[in-house]
Every structure is written in C-alpha cells, then in structure tokens.
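Participant: There's a structure below that I have some questions on.
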C-alpha cells in the first residue's frame with residue numbers, strides 16, 4: 001500500500017496514462033499547479049512504484065504477429081520452476097501467477113498459429129509439470145474503461 005495519494009496524484013496518473021509523453025509543464029498547466037509540484041509528485045509516485053514504467057504499446061497485428069494467452073495448470077513441481085523454464089522462451093512477454101482454473105497465464109507472441117502450436121507441443125509440454133494448456137488467440141483489444149483502476153481507487157478513498 002502506498003503512502004498519501006490524493007486527487008491531484010490520481011489526475012496526474014490519468015493524464016500520463018493517456019499519453020506518458022505529456023510534459024510536466026503541460027500537466028501543471030492542466031491541473032493549475034507548478035511544474036516543480038508535478039515533478040515532485042511524479043517522483044514520489046515512481047519511488048512508491050505506483051508508476052512502474054513508461055512504455056510503448058505496439059499493435060501486434062500491424063506487424064503480422066500472433067498474440068495469444070496460454071493458460072496453464074501446473075502439478076508435481078513448484079510454479080516457480082515452470083516460470084523459470086518459460087522465462088527462457090523469447091516468445092513469452094509476461095507471465096502472470098493466477099488463482100482459479102489456471103496457475104499461470106502467459107502472454108505470448110509468435111509469427112503464426114503454426115509456430116504457436118509448435119512451441120506448445122515441442123517445448124512447453126515437454127515440461128511434465130505443465131498438465132493442461134488452454135490457448136486464446138487475441139484478435140483485437142478493446143479498451144472500454146481506461147481508468148477503471150483509478151475510479152476504483154477513488155471510490156475506496158473518497159476523503160482524499
């Protein structure tokens with residue numbers, strides 16, 4: 001849990017989420033506070049790991065890349081051993097530990113569905129701890145509420 005985060009901090013996060021290249025001066029002008037104040041607040045949010053990184057999003061379909069989620073069950077071995085194994089595959093971007101029907105969910109990028117199939121069959125399933133894989137090929141991402149997390153935070157902390 002973070003220290004003191006108020007409405008201005010949430011507003012800064014909303015602006016940066018829309019465009020992380022927005023200058024501190026532009027944010028300050030928008031929120032009617034000084035650039036120095038914005039700089040201090042952003043530094044605090046970074047120090048507290050509320051802001052974990054600034055990134056670039058690429059549409060994989062524009063690059064003719066298949067993006068998929070692999071949902072796995074793990075038995076007979078610790079999940080950390082399977083994560084260590086999966087981390088070696090250059091196709092795996094993110095690995096999520098999960099509760100529910102699956103122990104791990106991997107975000108994977110391949111050149112084709114055939115390459116995805118080959119990776120699963122010849123590499124992932126060789127790990128005997130992986131007992132089941134469900135595959136979802138992602139066709140299009142639709143952002144329906146870009147600030148869902150920040151709205152939830154506001155509702156949980158109305159006094160700030």
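Here, each number is a calculation from the coordinates, and none is a lab measurement. All values reported here derive from a predicted model rather than from experimental measurement. Quick reminder, even Gly has a Cβ in these numbers, built from the backbone with ideal geometry, and neighbours come from all protein chains shown.
Participant: Taking neighbour Cβ counts within 10 Å as the exposure measure, how do 154, 21 sort from fewest upward?
Facilitator: Going from least to most buried by this count: 21, 154.
Participant: Here is a follow-up. Using R₀ = 22 Å, calculate the FRET efficiency as 1/(1 + (r/R₀)^6) where r is the Cβ-Cβ separation of residue 90 and residue 64; round to 0.05.
Facilitator: FRET efficiency, residue 90 to residue 64: 0.80.
Participant: Length gain on complete extension for the stretch residue 36 to residue 48, per 0.36 nm per residue less the alpha carbon to alpha carbon distance?
Facilitator: 2.5 nm
Participant: Report the semi-axes of the equivalent ellipsoid for the range 7-55 in whole Å, largest first, where each axis is √(5λ) for an eigenvalue λ of the Cα gyration tensor.
Facilitator: In descending order the semi-axes read 15, 12, 9 Å.
Participant: Nearest 0.05, what FRET efficiency do residue 107 and residue 23 give at R0 = 35 Å with Cβ-Cβ as r?
Facilitator: 0.70
Participant: Let me ask something additional. In degrees between 0 and 90, to the nearest 10, how far off the longest principal axis of the chain does helix 35-47 point, with axes built from Cα atoms?
Facilitator: Value to nearest ten degrees: 30.
Participant: May I pose another question? When Rg is the radius of gyration of the Cα atoms in the chain and Rh is its Kirkwood radius, what does Rg/Rh come to?
Facilitator: 1.08
Participant: Still on this model: How far is the Cα center of the range 119-160 from the Cα center of the range 18-87, in Å?
Facilitator: After rounding, the separation between the Cα centres reads 14 Å.
Participant: I would also like to ask the following. Given a cut-off of 15 Å, what percent of all Cα-Cα pairs of the range 60-138 lie beyond it?
Facilitator: The calculated P(r) of the range 60-138 puts 52 percent of pairs beyond 15 Å.
Participant: So what's the back-of-envelope 222 nm ellipticity for the chain, counting only DSSP H runs of four-plus at -39500 (n - 2.57) apiece and dividing by all residues, rounded to 500?
Facilitator: -11000 deg cm²/dmol
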